[in-house]
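First the structure, in the form of structure tokens, and then the observations on it.
Quick note: the coordinates plus some simple rules give every number you see, no bench work behind them. These numbers come from a predicted model, not from an experiment. For neighbour counting, all protein chains shown are included, and Cβ atoms are generated from backbone atoms with ideal geometry for every residue, glycine included.
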Amino acid sequence: MKQYFPTLLLIFASAFSSFAQEQLKTTELNIFKNGTYFVVKEGEVNINDFVVQLPIPINTLLGTYWLTTTKDFKIQKIDCYNDTIKKQSKANTMIELLQANKGKKVKLILSNGNSEARNATGVIGDILMPNKIVKLKNSDGSSTFIPASQVLELYVENPVVETFTKDSLALMARLMMNKKTGKPALKLTYMQTEMNWIPTYNIKIINDKQLQIELKAVIENFSETIDDAEVTVTVGNPNMKFGYQRDPIASDKLTSNNELEIPNVVTNYAFGKSGLAESDNSNSMRGSFKPEYQEYQNYNTGGEKTNDLYMYKLGKLSMKKDSKTVVPIFSATVNYDDIYEVQVPDDVYYRNSQIINKSNDEKYYDVFHALKLTNSTGQPLTTAPVFVQDEKLQPLAQDELSYTPTNGKVKVQLSKAYDVLVTKEEEEKSKEERALKLGKSFYNRIVIKGKIKLENNQNKSITVNCSKSLAGKAIKASDEGKITIPGKYNALNVNSDVEWNIKLNGGESKTVEYEYEVFVYVGN
């Protein structure tokens, strides 16, 4: 194992030329959900008269480019400049095919604008640019000059060459070394853009207590071709103070002080071009065959927690530039609770209206069916789309799974439960005239009594989580209702909430009751 010692340099990059890839090979990638990735490139380089030349990646992020070498070699300084390099490209046009097959015997079918075409044979000589004139050497030693625009068809002796070398302007780094010659090992690390991973989850219900949850990663690579590199995808919100800002050495322009100021939308804590932000939700919540539990396969690519991040190790992968790769991450069996939820707002607001509108008694409130999962997978769940299927692999729902730490709980909403009905009615129970005096103002104390009726029209037992918000102080709740008073006031009146967990058998209905007080201004 080579021992590396830090030397000098900082930069952020996006794409190496083919010349650089021949010397330094990508050995490690760590891909984030915000379209950036960390790169490790390694290889041996040749020192020629104290100099090593490397292309500079053009999309390198600010302050992330660093070079290290072995202890016997030292980088004295680095000069950055524009230079012309030779680059291999695929021939896509006629002039490029002619360039690629320079020195080969060819037959050309030509058109001079007339209806009849003519032939020309010979060996391709020089290509005269920029007018794109082909010099064809004839068998008698003479030469014919033909505009490439007149070539209709090209016949080439085997083997046909479909790539050609062209001059390309590139930003280069000239490393000034402490030795005149040598072949030291060099490691380059940096971050750059144009690579992204998008997580998606699949939930398959096994029975009324367990489900299978699977995670896959869609890796988008629009940066560079990767050959057999160790790939990691990361979950978490690292602080990227300067966002996508490029490093000065990745530009051939002078950097102003304004360009180095921290931008207003700097951090990008909301990880992901996909619009899926990491938000801690630790307290929230087709075939003819019927799969059995043992048919589901549990697997895990393996990962590790590093400070506040969790990194999935995917092993060695090869990915072409401008391609997408799908990689399975893990599959695990977890427990869940089948829950129904309804939120009943305060649509009376008595302290302002001072009336109870009885038309609200006929209103039905939406009940939502959800799965409440316990994250026992051993790794955090990242914010991502989740697709839910039933025991027969029929589609049930699609939702967004929120970030959930290990052993945390998260809810996945399935649908509205139209066969679970919830209604409410309220009435004024008592009134105490001029019960409170503040300064010269008097207030009546009104006690309002309410009832919430829950009906389960399904043929199975369910538990309904019912919450009622009140624009007043809750003083009583039946059926072990939990009263919460958060301390938020509107004038004299405090807001409060009542929550019940009501078990209903199939076809059963139940009514819960509550009371709350409101102070109403009546004058001086």
Inset, instruction - Could you please report the charge total around Asn444, scoring K, R as +1 and D, E as -1 over all other residues with beta-carbon less than 14 angstrom from its beta-carbon? - result: +2
Inset, instruction - Treating only the Cβ atoms of Lys and Arg (+1) and Asp and Glu (-1) as charged, compute the dipole magnitude of the stretch 419-524 about its Cα centre; round to the nearest 20 debye. - result: 400
Legend entry - Rounded if a/c under 1.5, otherwise prolate or oblate - the stretch 137-239, Cα gyration tensor axes: oblate
Inset, instruction - With label points built 7 Å along Cα→Cβ from the Cα atoms of Asn505 and Glu400, find their separation and express it in nm. - result: 4.2
Legend entry - Order of Glu432, Glu455 - criterion: other Cβ atoms within 10 Å of each residue's Cβ, fewest first: Glu432, Glu455
Inset, instruction - Just check the stretch 92-161 against the gyration tensor rule for me: Cα atoms, a ≥ b ≥ c as the square roots of the eigenvalues, rounded for a/c under 1.5, and otherwise prolate or oblate depending on whether a/b exceeds b/c. - result: rounded
Legend entry - Cross-link pairs Lys71/Lys183; Lys440/Lys476; Lys460/Lys510; Lys204/Lys316 - those with Cα-Cα distance over 20 Å: Lys440/Lys476; Lys204/Lys316
Legend entry - Charge context of Val156, other residues only, Cβ under 9 angstrom, K/R +1, D/E -1: +2
Inset, instruction - Taking the Cα centre of the stretch 23-79 as origin, sum charge times position over the Cβ atoms of Lys and Arg (+1) and Asp and Glu (-1), and report the length of that vector in debye to the nearest 20. - result: 200
Inset, instruction - Would you order Ser496, Ser430, Ser359 from fewest to most other beta-carbon atoms within 10 Å of each residue's own beta-carbon? - result: Ser359, Ser430, Ser496
Inset, instruction - Can you pull the one-decimal nm distance between simple spin-label points at Gln458 and Val334, each 7 Å off the Cα toward Cβ? - result: 2.0
Inset, instruction - Could you let me know the centre-to-centre spacing of the stretch 53-104 and the stretch 439-456, using Cα atoms, in angstrom? - result: 76
Legend entry - Given charges at Cβ of Lys, Arg, Asp, Glu: the stretch 369-469 dipole, positive-most of Gln394, Ala435, Leu454: Ala435
Legend entry - Length added when fully stretched, Thr484-Glu433, from 0.36 nm per residue minus Cα-Cα: 15.7 nm
Inset, instruction - Enumerate by residue number the chymotrypsin sites (Phe, Trp or Tyr not before Pro) in the stretch 393-466 meeting two conditions: DSSP loop (anything except H, G, I, E, B), and at most 15 other Cβ atoms within 10 Å of the site's Cβ. - result: Tyr418
